[in-house]
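Q: Pasting in a structure now, in structure tokens, and then I'll have a few things to ask.
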């Protein structure tokens, strides 16, 4: 099967973001992509105040567009993540949605790990405005392939991806808005590690460029195979990259180098006090 990662430079201009996403999704589909993944906060990426003001429910314009274009093009679309307004909650959710080729909602994943860090002197406190999710989600493509869902900072928590793989994921999607510094030094290493250790394909669309003063993402969107090899990497601009995912090769790797099957959870299960 063919899959694509869409790299965007999203800002607080929602209409422009959606227009660009629509164009690049169509480019990817015209190049044979059956599964297309958008980056984190593809619909709006601005200051905390701008994103809070632009938050929308799952039946809002962003996911309505995603459902429409997926049905029109007959694709599986992972709509990166949006700033979701959840009824009854004061805070928003950083929410990824899988839409199937009938335009149906197949899965909803709310980012579990909040980006509360300091990078290059800049402090980020995602939890100030967003509520962390509490559900691990494996969805299923129209053809039956398992897709493990995650968002950006989740990639630094390998235990999440091991659970996704053990629950049937063969493809891991990691829509992101990695900072320029962490893209430069950590991005590719983390993605290749998640692919190798879980023997999965990884599709990781990243944001690129300046979103507002003081906020830059590093691009280099990647599609990685289960052996850890890069199948496609985006250049420095908005683009759609497409690669062939050989699922028989994945099964061959799992059969001949069976690290998932050779696990010893009886030995290294964590005691309660160490969790």
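Just so you know, all these numbers are worked out from the coordinates, no wet-lab data involved. Remember, predicted model here, so these are calculated numbers, not experimental data. Glycine gets a Cβ as well: all are built from the backbone with ideal geometry, and neighbour counts include every protein chain shown.
Q: Do the sum for the chain: with -39,500 (n - 2.57) for every DSSP H run of n ≥ 4, divided by all residues, what is the mean residue ellipticity at 222 nm, to the nearest 500 deg cm²/dmol?
A: Value at 222 nm, helices only: -7500 deg cm²/dmol.
Q: Ranked by Cβ crowding within 10 angstrom, fewest neighbours first, how are 76, 48 ordered? Please report the intermediate quantities before stating the final value.
A: Working: 76 25, 48 15.
The fewest-first ordering by Cβ neighbours comes to 48, 76.
Q: A follow-up question, please. Which of rounded, prolate or oblate describes segment 51-129 when judged by the alpha-carbon gyration tensor and an a/c cut-off of 1.5? Working shown, then result.
A: Values: a/c = 2.71, a/b = 1.94, b/c = 1.40.
Note, shape of segment 51-129 comes out prolate.
Q: In the set [x] 45, 42, 42; [y] 59, 40, 36; [z] 49, 48, 36, which value of Cα extents along the principal axes in Å was calculated from the structure you see?
A: [z]
Q: Distance between the C-alpha centers of segment 22-79 and segment 135-194? Whole Å please.
A: First find each Cα centre; the distance between them is then 18 Å.
Q: Among 94, 31, 206, which one shows the biggest mean-square fluctuation in a GNM of the chain, springs joining Cα atoms closer than 10 Å?
A: Judging by the Gaussian network model, the answer is 31.
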